[in-house]
Amino acid sequence: QVQLVESGGGLVQAGGSLRLSCAASGSIFSITAMGWYRQAPGKQRELVASITSGGSTNYADSVKGRFTISRDNAKNTVYLQMNGLKAEDTAVYYCNAVRSLLRDDSWGQGTQVTVSS
């Protein structure tokens, strides 16, 4: 089992920045990738950014150039730096950890990001 705890959400004006953190604990040695997803009211959950254990990153087109995913292996934490925030970035952001060999994944409880225009 992997436990994920997100933090860093909040209310920010358009054009501002936030940094989300996701601290992992438990069976973290088997994690092959971690990512950030978001879900806005009335919409499906969508991938925002991901990073593999090898350091490869992937971003949704809507956030490329504005968001950066990174990790601190010593702290077992993944970050999402969000710059140039827009009203359409408003959503609940969820952290996800994938264990490919075990064919399972884990989710955090979510953190609200609200961007006022």
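The values are calculated or read from the model by the stated rules, or taken from the named source; none is laboratory data. What you see is a predicted model; the values in this text were computed from it and never measured. Here the Cβ is made from the backbone with ideal geometry for all residues, glycine too, and neighbour counts use every protein chain on show. Ligands, DNA and RNA are stripped out before the accessible areas are found, and what is left, the full protein with its side chains, is counted by its heavy atoms. Shrake-Rupley method; radii C 1.70, N 1.55, O 1.52, S 1.80 Å.
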- Message: For region 101-115 and region 1-78, what is the centre-to-centre distance using only Cα atoms, to the nearest Å?
- Response: 8
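Step by step: find N for region 1-49, compute 2.2 N^0.38 Å, then divide the Cα radius of gyration by it. What's the final number?
1.39
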- Answer in debye to the nearest 20: the dipole magnitude of the chain about its Cα centre, from +1 Lys/Arg and -1 Asp/Glu charges placed on Cβ, is 80
- Range of Cα positions in region 40-88 per principal axis (Å), largest first: 36, 22, 18
- Message: Could you order the peptides 50-56, 109-115 from most to least packed, using the average number of other C-beta atoms within 10 Å per residue?
- Response: 109-115, 50-56
- Task: Quick one: net charge around VAL78, please, counting Lys, Arg +1 and Asp, Glu -1 for every other residue with C-beta under 13 Å from its C-beta.
- Result: +1
- Heavy-atom accessible surface of the chain: percent carbon and sulfur, 1.4 Å: 49
- Whose amide H sits under 5 Å from the amide H of GLY16, counting only residues 5 or more places off or on another chain, with H placed in the peptide plane? LEU85
- Cα-based Debye curve of the chain sampled at q = 0.09, 0.22 Å⁻¹ gives log₁₀ I(q)/I(0) of -0.22, -1.24
